[in-house]
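Undergrad: Pasting a structure below so you can have a look.
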Ligand SMILES: Nc1ncnc2c1ncn2[C@@H]1O[C@H](COP(=O)(O)OP(=O)(O)O)[C@@H](O)[C@H]1O
Ligand SMILES: [Mg+2]
C-alpha cells in the first residue's frame, strides 16, 4: 500500500511539474472561461442607454426602471435632455442608443433593435395610459398601482427551449472534455510504462515492488492528475458561466450530472488506463507506442463520435445501445444523462457493466503487464503473454 | 553468504546457462568474469528475480531467495535505468523509500552517498543532463541507498574514467569492509585482479575456474619463465627449449640499454635448467625467474 502511494506521488510530482502540464492546465482553464462566457460576449448583453426629452420623461423613466427591476438580465440607463434637439445630438453622438422625444417619437441612428423596441414601446404604453387615465380623472397613485402587474411565469411542457440549448451545450462540453482528458492521461500511462520498460528501470523497481503495485501506483497517480483537471474545468466552467451571465440559472440537476460525469471518468479511465498500460508493456521504444495503441485509440474515438452524435439525438438507436455497452458507455451515457432523462435502470445497468468490464480489464491488463514488462528486445506477442500458464 | 547452484536457462534453442554456480562469502568482493555472451548478465538477472531460471537454486544465508529477501539486495543492471526527468537527490531518495526506508532514513542515506560519490554540485540537476560517468554514480547510489545486505552489479565499471573507477571502488570496499558481499561482472581484468578477493570465470554458461587470485595462479598449468639478457648475438633465442610466449628487443621505456643489444623473453620451458644455460652462454643474464601469470593470461588459457 505504501509502495503504491509512493509511486502515485512520484507520478503526480514529476508529471505535474512539467511545463506541458502546467501550461496545458492554464490554457484549458482559460479556454473554459472564454467558452463559458462566450454566449454572453457574443450576445452583447441587454444593456441599453436611453435618452428622454419631453413632458412625460419622468414617467417614462419610472416605467423603464420597473422593467429593469423585473428582469435579471436587463439593464436600462436613462439620460434626460432639455429638448428634442439635445436628444437628437446625443443619439447622433452615440451617447444613447435611442431617445424618446415629445412623448411620441423614437429617434435612433438606424432601426431600433427588437428588444429595445419592445422595451420602449411598453414604457410608452404605460406612461401614456397613466396620462390618459389621469386625464379621465382617476387618482394617479392608484393608476400607478394598477399598472404593477406581475410578469407571466413560464411553464413549458418539454422544458424551455433555452434550457434544452443549455443542456446540449453542457453535454457537448462534457463529451469533448472527457475524451480529451481520457486520451491525454491514458497516453501518459502508456508513455510512462514504456519509459520504465525501455530504460530498464523496471529491473530495479521490480526488485523492490510488485508489478501490480507499480502499475496501480502509476494509474492512480496519473488518474488523480486527470481528475483534478476535470474538477478544475467543471468548477471554472460553471462559475464562469454564472458570473458572466451566460447561464444565469443552471438547469436542474447540474450538480448531480457533474457527479455522474466524475464517476464515468473514473470508470472509463480505469478501463482505458489498464488497457493502454497493458498494450504499451508489449513494446520497448517510445516510437512504437502509438502504433500498438491504434486499436485502443480507435475504440475511444468510436465512443467519442457516438457521444458527439448523442448530444443532438440522445435517444437514437446507436446512442441508446452504446450508452449501455462498455467501454463506449463511458462517453455516451454522460451525454445522454445531460440532455435527456435516462431511466434509472439503464443508468444502473450501464454502470454495472462498466464496473465489470473495468475490473476485468484491470485484471487482464495487470497480467499482461506483469508478463511483458521484463521482456527485452523485440515486441512481445499477444499469444505469448495470454497463454494460460502463469 | 550467497550460494548460486547449478543454474540452467535456455532461450529457445540457445543454452545460456548450463549449470553455472558459485559462492560469495560475507565481506567478499567477487569478480564475475567471462567473454561476451558467456552468461554473466543472465546469472545476475536470475539472482535478482528479473528472470526465471529453468533449473538450479539461489540461496541467501542458506534460504532460497524470494521477493522479501531481494528487497534487501542492491542491484545495478547491465542496461542502466534511471528516470531522466527526476533530480539526482530526489531519485536516490525515491528508490530508498521504495525499498522500505522512512523519509528521514532515505534522505540521510542519499545525502551521504551524494557526498561520497562527489555528486554534491549535481544534486538538484535532472539526471538527463548529467555526464555518463555521473549517471553511473547515481546508478550506483540507487543500488546502495537502502544499505543492502548484498550487492549485485553488472559491469559497474564499464565506461568510467580512472577517477570515477577509484571513487566507485572505494565505496564498494567500504561495503565489503562492513561485511556486505559484492558480486560484480567486468571485462576489465586488471581491475578485477586489483579489487577482487575471489573470481569466477564463466564460459558458455558453465563455470570453468573459480577461487582466489592466488588459487587460480597456483592452478595455472603453464609455468612462465621471464628472461632478460643483454649483449647477446641475434638469433640466440632460437636455441631456448620450449615455447616462446612473447619476445622483445626493446628495453622498457626510461631504461637506456648500455650494451648494444637487449632481449626480453617469456618462455614456457620444456627444460628450465637448459634455458638458463642457453641464456648464460648468449650474454649477460639481467633477469631470470618464474613469472606470476596475470589474470588476463589465466583468463586466456581457461577460456581458450
Ligand atoms: N532475452 C534473450 N533472448 C535470447 N537470447 C538471449 C537473451 N538474453 C541473453 N541471451 C543470450 O544468452 C547468452 C548469455 O547472455 P548474457 O547473459 O547477456 O551474457 P554476458 O552478460 O556474459 O555477456 C548470449 O548468447 C545471449 O545472446
Ligand atoms: Mg552482460
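Undergrad: Could you say which residue among B:147, B:217 is within 14 Å of chain A (Cβ to nearest Cβ) and away from ligand 1 (no atom under 16 Å from the Cβ)?
TA: Exactly one residue qualifies, and that residue is B:147.
Undergrad: If I ask for residues that are surrounded by fewer than 14 Cβ atoms within 10 Å (Cβ to Cβ) and either modelled with pLDDT under 75 or within 31 Å of the chain's Cα centre (by Cα) (or both), which ones from region B:245-256 would you list?
TA: Answer for region B:245-256, where residues must be surrounded by fewer than 14 Cβ atoms within 10 Å (Cβ to Cβ) and either modelled with pLDDT under 75 or within 31 Å of the chain's Cα centre (by Cα) (or both): B:246, B:247, B:248, B:252, B:253, B:254, B:255, B:256.
Undergrad: Those residues that are more than 18 Å from residue B:269 (Cβ to Cβ) and either in contact (Cβ under 8 Å) with a residue 60 or more places away in the chain or not in a loop (DSSP other than H, G, I, E, B) (or both), I need them from region B:228-243; list them, please.
TA: Correct list: B:230 only.
Undergrad: Please tell me if residue B:27 is more than 16 Å from ligand 2 (Cβ to nearest atom), more than 11 Å from chain A (Cβ to nearest Cβ) and in a loop (DSSP other than H, G, I, E, B).
TA: Against the criterion (more than 16 Å from ligand 2 (Cβ to nearest atom), more than 11 Å from chain A (Cβ to nearest Cβ) and in a loop (DSSP other than H, G, I, E, B)), residue B:27 qualifies.
Undergrad: Step by step: first the residues of region B:160-195, then only those that are within 15 Å of ligand 1 (Cβ to nearest atom) and part of a loop (DSSP other than H, G, I, E, B), then the one that is farthest from the other protein chains (Cβ to nearest Cβ). Which residue is that?
TA: Within region B:160-195, the match that is farthest from the other protein chains (Cβ to nearest Cβ) is B:188.
Undergrad: Ok, one more. Please list, ordered by first then second residue, the pairs with beta carbon atoms under 8 Å, 6 or more apart or interchain, first in region B:25-40 and without any contact (Cβ under 8 Å) to a residue 12 or more places away in the chain, second part of a helix (DSSP H, G or I) and within 16 Å of ligand 1 (Cβ to nearest atom).
TA: Correct list of pairs: empty, since none qualify.
Undergrad: Next question, about the same structure. Would you pick out the residues in region B:43-83 that are out of contact with any strand residue (DSSP E or B) (no Cβ under 7 Å at 6 or more places or on another chain) and closer than 30 Å to residue B:126 by Cβ?
TA: Hits for region B:43-83 are B:45, B:49, B:50, B:70, B:71, B:72, B:79, B:80, B:81, B:82, B:83.
Undergrad: Could we say that residue B:81 is within 14 Å of chain A (Cβ to nearest Cβ), under 19 Å from residue A:200 (Cβ atoms), away from ligand 2 (no atom under 12 Å from the Cβ) and touching a residue at least 60 places away in the same chain (Cβ under 8 Å) here?
TA: Criteria not met by residue B:81.
Undergrad: Does residue B:208 satisfy the criteria of being over 19 Å from residue B:25 (Cα atoms) and assigned to a strand (DSSP E or B)?
TA: In short, yes.
Undergrad: Looking at B:58, B:33, B:50, which one is within 14 Å of chain A (Cβ to nearest Cβ) and part of a strand (DSSP E or B)?
TA: It is B:58.
Undergrad: While we're looking at this one, here's another question. Go over the candidates B:73, B:32, B:67 one by one and state the one that is within 16 Å of ligand 2 (Cβ to nearest atom) and in contact with a helix residue (DSSP H, G or I) (Cβ under 9 Å, 6 or more places away or on another chain).
TA: The unique qualifying residue is B:32.
Undergrad: Just the residues that are over 21 Å from the mean Cα position of the chain (by Cα), surrounded by fewer than 17 Cβ atoms within 10 Å (Cβ to Cβ) and either more than 21 Å from residue B:4 (Cβ to Cβ) or within 16 Å of ligand 1 (Cβ to nearest atom) (or both), please, taken from region B:64-89.
TA: Once the filter is applied, which keeps residues that are over 21 Å from the mean Cα position of the chain (by Cα), surrounded by fewer than 17 Cβ atoms within 10 Å (Cβ to Cβ) and either more than 21 Å from residue B:4 (Cβ to Cβ) or within 16 Å of ligand 1 (Cβ to nearest atom) (or both), region B:64-89 yields B:84, B:85.
The values are calculated or read from the model by the stated rules, or taken from the named source; none is laboratory data. This structure is a prediction, so every number in the text was calculated from the model and none was measured. Backbone-built Cβ (ideal geometry, glycine too); neighbour counts: all protein chains shown.
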